[in-house]
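Here's the structure, in structure tokens; my notes come after.
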Amino acid sequence: MSVPPANRDGRGRRPPTTAYLLEWRIAGATGAALGLGISPLLGGPAGVDDAVDCCLVGLLLWIHRPRGWRGRVAWISALAGLAMAAGLVIGSWRISAIDANSLVASEGSQLRVTGFVIATPKRSFGEVRVQVESDHGRVLVSAPEPVPELGIGARISADGTIEAPSDWYATLLRRAGIRSVLAADEIQLEGGSRDGVPGRLDAARRRAETALQRGMPEREAALARGFVLGQDDLVDPQTTDDFRRSGLSHLLAVSGMNVLFLVLLATPILALFGFTLRTRLVWLVAMICIYVPVAGGGASIQRAGVMGCAAIAATMAGRRSSRVFGLLAAAVVTLALNPRVSGDVGWQLSFAAVIGILLFAAGIRGAVIARVGPGRWQEAIADGVAVTVSATLSTAPLIAHHFGSLPVASLAANVLVIPAVAPAMWLGMISATLGQVPWMPVEPINALNSVLLAFISQVAEWFGRPGWATWKVELGSVVAVAAAYVVLVSATIGLLRLDRRHRAAGKGRHPSWRTFGPASIVAVAALAFALGTAGHDADSPGDGMRVTFLDVGQGDATLLQPADGEPILIDTGPPGTGVVEKLREAGVESLAALLITHDQSDHAGAIEEVLGALPVRRLIYGLPDASLREAAQEHGVGLLGLAEGSEIHSGSMRLAVLWPPSSMVDAEAQTDAGAQANPNLTSLVTLASWGSFSVLLPGDAEAEVAPVDPGPVTVLKVAHHGSDDAGLDSLLDRTMPREAVISVGPHNSYGHPTDRTIATLGEHDVEVFRTDQEGSIVVESGPRAVDPMG
């Protein structure tokens, strides 16, 4: 005979006192979370008078509460109101305290900052952005690469100019308590460390980082740091894109999964030492409290740590924990630490994933077990699939809302890596723990872990590189997101209930797919078609990358438009050729960068027109030139010099610089401009790639002077408007392009393109497109390669 739990009656129901306590806890936590979440919208600190007013209202509700269920509702409402008032006041106080610690300086002022790194640096687009706690307050320091490895707790110094961030970026920075950006030429790594507990945690983190890198290949070592410590700054951009596009990017950010794996790893080890249950639980809480700040203390890991500690505390108290109350408690704690964190995408996705697991995981697990049968390994597979599917479904609308696209292969990729993720995480945690002892050998553990990490990375590449890996889906409003969740939850719960009914009718046997399989397939296909076509328009770059060779006469201007990033313009063409109008026709409202291959009129003549008409974040160049610097300074645009080996990213697009070598740039920079016999020698040669799709853009550097070898490419832009090039034949052998584009003006006096160049392209069966004949030419990743616009 089964015995009901101590906190339930013979029918499995909670006694009235237990039920009331649970209701009161949930009501109080809900009110506190709402108050904390609303506090950033007040625009100022909530006063004590507001709190007193709310308390008086709650007291009146309590005094005049009716009896019975009405009195119960009144009391719960009063408690929720009191908690909400407290949340408003606490949230306002916290925001004031956070803002008071921000560095505030006038735009354009010169400042020297010395302080400690407090968050993992972000490396993208050829620059590094790092949050610093300085003597002047918290500030974001940005500087161009190269920047040395900067771990949390590292002491740095930088001299620069205060810049005002753009509106959207300012909102993002305010969540971290930052109001100003210091644009520096370089970041210097200083000696020293933080004092007290933060310093000890920094030292433990550094020992863990060192241990995770011993005996491990570079790529796998960077992934191990991301998996265990959430530090993904050393993961190469291509691998990061693969993880993001395949839906595996959550593995590089510490979250509830890390806390779960920590508890699962530590519990049997503690049991081996003979600790009692209560002692083991105390040790687990201590481990969580140490691991959360060591792993960066982000919103998702904070939430997971609070929920884990709450569950352990409930176990120690001998009661079952309410999962809803645990989730609300996590919201209250994370919002109390920073009320603005509710606007953070990671925080929202973390809670959405947990809610989805609470709603769907049990039903999905039962459906999987019914099909694979009972057994330990079958149940383990069912658990992994249930959690993966639940989290993937519940976060999809938010991902579409924030990023405008969905990784369609996310579910398949996550299921495929299930057998490798837990062992990789455990091996990484063991290595990081053993690494606290300097002489402890961790190389064998890392060698085994590197195989698992390589497999996960390969899965990310398989499902992240193809053009179909992401679909463009835009849920632009809160109403659209809410509607998507209504449809998603209703459909999922409905299908799970239908599955249970059929299994019950079949006395435990799973239903035949003939019963409702066709209807489900039709529904999924219709939903996929609707989501796949949502948000598309004629001017968008589709699901991949669009490259437009603009018709600017006898000159060059190439527009790169990745679907998930900001556009980049390479060269502007000569003045007066309407490049700005052509950019606007292509839907461009701002540019992430304007890259000038070399400073000649046919490539940079319209630079003032572009900078004066459109917001441009960076002006990129190869050989330093005074006129470019003046133009950037006049329009307040940041400068970034690149050479061979440099690389920038915009969304999933990778733009690699193949020429010239930095030694050549340095030598030419020391030569007077008038003494430079051929500026084309130092023209930037770049390779723009999106997955397997690539376009080689050599500017005016012919292959005979710039012997680059990027491997096979999809499209080649012929160098120097199709002039004679003795190295073209060899270049075509190495790159094997399907199509070639020549940017050239009609009836030009140079005779471009030359007959020899056209003949060489023909000998290699390369289809040629010319701007003097077709006008602007569009190249897109996907089945349709080249589309003349006429």
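The values are calculated or read from the model by the stated rules, or taken from the named source; none is laboratory data. Here the structure is a predicted model, which is why all the values come from computation and not from measurement. In this analysis, Cβ positions are derived from the backbone assuming ideal geometry, glycine residues included, and neighbour counts consider all displayed protein chains. Keep in mind that these areas ignore ligands, DNA and RNA; they rest on the heavy atoms of the full protein, side chains included. Shrake-Rupley method; radii C 1.70, N 1.55, O 1.52, S 1.80 Å.
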Quick check on this structure: which one of 438, 444 is loosely packed, with under 15 Cβ neighbours inside 10 Å and at pLDDT below 90? 438
Within the range 78-128, take every residue that is basic (Lys, Arg) and closer than 19 Å to residue 139 by Cβ and give me the one that is surrounded by the most Cβ atoms within 10 Å (Cβ to Cβ). 123
The residue that is least open to solvent (accessible area, probe 1.4 Å), considering only those in the range 257-287 that are more than 29 Å from residue 392 (Cβ to Cβ) and polar (S, T, N, Q), is 279
Tally, over the range 642-655, of residues that are open to solvent by 10 Å² or more (accessible area, probe 1.4 Å) and either at pLDDT below 80 or in contact with a His (Cβ under 6 Å, 6 or more places away or on another chain) (or both): 1
Cβ-Cβ distance below 6 Å, separation of 6 or more or different chains: which pairs start in the range 416-439 with a residue that is farther than 19 Å from residue 206 by Cα and in contact (Cβ under 8 Å) with a residue 12 or more places away in the chain and end on one that is open to solvent by 10 Å² or more (accessible area, probe 1.4 Å) and in a helix (DSSP H, G or I)? 418/384; 420/452; 420/455; 423/452; 424/452
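Considering only the range 573-592, state which residues are farther than 15 Å from residue 552 by Cβ and at pLDDT 90 or above. Even if it seems obvious, please write down each step before you answer.
Looking only at the range 573-592, we keep the residues that are farther than 15 Å from residue 552 by Cβ, and these are 587, 589-592.
Correct list: 591 only.
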Going through 639, 696 one at a time, which residue ends up being at pLDDT below 85, over 20 Å from residue 461 (Cβ atoms), of a type in the set (A, V, I, L, M, F, W, C) and outside any loop (DSSP other than H, G, I, E, B)? 639
Of the residues in the range 612-636, those that are more than 23 Å from residue 679 (Cα to Cα), touching a helix residue (DSSP H, G or I) at 6+ places or on another chain (Cβ under 8 Å) and modelled with pLDDT of 85 or more come to 612, 613, 614, 616
Which ones in the range 447-477 are farther than 19 Å from residue 411 by Cα, open to solvent by 10 Å² or more (accessible area, probe 1.4 Å), among the polar types (S, T, N, Q) and outside any loop (DSSP other than H, G, I, E, B)? 450
Starting from the range 606-621, take each residue that is at negative phi and list its partners that are aromatic (Phe, Trp, Tyr), counting only C-beta distances under 9 angstrom and pairs at least six apart or across chains. 617/125; 618/125
For the range 188-201, indicate whether the set of residues that are under 30 Å from residue 213 (Cα atoms), in a strand (DSSP E or B) and among the small types (Gly, Ala, Ser) is non-empty. no
Anything in the range 531-552 that is in contact with a helix residue (DSSP H, G or I) (Cβ under 9 Å, 6 or more places away or on another chain), at pLDDT 90 or above and open to solvent by less than 20 Å² (accessible area, probe 1.4 Å)? List them, or say none. 548, 549, 550, 552
Test residue 746 against the stated conditions and say whether it is within 19 Å of residue 603 (Cα to Cα), surrounded by fewer than 23 Cβ atoms within 10 Å (Cβ to Cβ) and either of a type outside the set (A, V, I, L, M, F, W, C) or over 42 Å from the mean Cα position of the chain (by Cα) (or both). yes
Please go through the range 349-386 and pick out each residue that is within 17 Å of residue 248 (Cα to Cα) and either of a type outside the set (Val, Ile, Thr) or surrounded by fewer than 18 Cβ atoms within 10 Å (Cβ to Cβ) (or both). 349, 350, 352, 353, 384, 386
If you go through the range 150-173 one residue at a time, how many are in contact with an Asp or Glu (Cβ under 8 Å, 6 or more places away or on another chain) and either free of Cβ contacts under 8 Å to residues at least 12 places away in the same chain or basic (Lys, Arg) (or both)? 1
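Determine whether residue 179 is touching a residue at least 60 places away in the same chain (Cβ under 8 Å), in contact with a helix residue (DSSP H, G or I) (Cβ under 8 Å, 6 or more places away or on another chain), open to solvent by 60 Å² or more (accessible area, probe 1.4 Å) and more than 25 Å from residue 433 (Cβ to Cβ).
Taking the combined requirement at face value, the residue satisfies it.
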Scan the range 225-248 for residues that are more than 28 Å from residue 284 (Cβ to Cβ), outside any loop (DSSP other than H, G, I, E, B) and either aromatic (Phe, Trp, Tyr) or open to solvent by 20 Å² or more (accessible area, probe 1.4 Å) (or both) and report the count. 5
Check residue 560 against each of (1) under 25 Å from residue 718 (Cβ atoms); (2) in contact with a Gly (Cβ under 7 Å, 6 or more places away or on another chain) and name the one condition it does not meet. (2)
For the range 202-221, which residues satisfy the criterion of being outside any loop (DSSP other than H, G, I, E, B) and farther than 30 Å from residue 113 by Cα? 211, 212, 213, 218, 219, 220, 221
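Of all residues in the range 410-429, which are in a helix (DSSP H, G or I) and within 18 Å of residue 220 (Cα to Cα)?
The answer is 418, 419, 420, 421, 422, 423, 424, 425, 426, 427, 428, 429.
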If we ask which residues in the range 552-571 are out of contact with any strand residue (DSSP E or B) (no Cβ under 7 Å at 6 or more places or on another chain) and not hydrophobic (A, V, I, L, M, F, W, C), their number turns out to be 4
One residue is enough: does the range 393-402 have a residue meeting the conditions in a helix (DSSP H, G or I), touching a helix residue (DSSP H, G or I) at 6+ places or on another chain (Cβ under 8 Å), among the small types (Gly, Ala, Ser) and farther than 30 Å from residue 344 by Cα? no
Among the listed residues 94, 129, identify the single one that is within 27 Å of residue 206 (Cα to Cα) and of a type in the set (Lys, Arg). 129
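Applying the selection to the range 455-479, what residues are modelled with pLDDT of 85 or more and not β-branched (Val, Ile, Thr)?
Within the range 455-479, 455, 457, 458, 460, 461, 462, 463 qualify.
Of all residues in the range 597-631, count the ones that are within 30 Å of residue 241 (Cα to Cα) and in a helix (DSSP H, G or I). Walk me through how you get there before you give the answer.
At the first step, the residues of the range 597-631 found to be within 30 Å of residue 241 (Cα to Cα) are 597-598, 610-611, 614-623.
With the extra rule that they be in a helix (DSSP H, G or I), the set shrinks to 610-611.
Qualifying residue count, the range 597-631: 2.
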Enumeration of residues in the range 213-241 that are of a type in the set (A, V, I, L, M) and closer than 16 Å to residue 253 by Cβ: 222, 223, 224, 228, 229, 234, 235
Scope the range 553-572; condition modelled with pLDDT of 90 or more and in a strand (DSSP E or B); matching residues: 558, 559, 560, 561, 568, 569, 570
